[in-house]
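*Asks:* So that we are looking at the same thing, I have put the structure below in structure tokens.
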Amino acid sequence: MSRHVVFQALADLELNAAAQYYERESRGLGTAFLTAVQRCSDSILDHPNIGVLVRGDVRRRLVSRFPYALLYRATSQQVRILAVMNLRRRPFYWVGRQ
């Protein structure tokens, strides 16, 4: 059984809201954002300990080109994305997400 990525519901909402925002700003930018997030989640899947520990077992991996990071927990079965974090927001708004 291989590890897979699961986006927590609120993280999925953040992902879609950010992609829609970027698409409104410039056509194609939303797609570029989604591609960057996909690459970031793929790198986490390949190397789950790549992110910096930020709180307990939660790690942060920066998304290239955009001011975002993926906050996640990795187990042997899955990488659970807890937040698609805008780095300009207050840093620990996501605490409490499972």
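The values are calculated or read from the model by the stated rules, or taken from the named source; none is laboratory data. Keep in mind it's a predicted model, so treat the numbers as computed, not measured. FYI the Cβ positions are ideal-geometry reconstructions off the backbone, even for glycines, and counts take in every protein chain you see.
*Asks:* Listed residues LEU34, LEU53, LEU87; which is among the aliphatic types (A, V, I, L, M), surrounded by 12 or more Cβ atoms within 10 Å (Cβ to Cβ) and at pLDDT 95 or above?
*Replies:* LEU34
*Asks:* Shifting gears a bit: Can we say VAL79 is among the β-branched types (Val, Ile, Thr) and at pLDDT 95 or above?
*Replies:* So VAL79 fits the description; yes.
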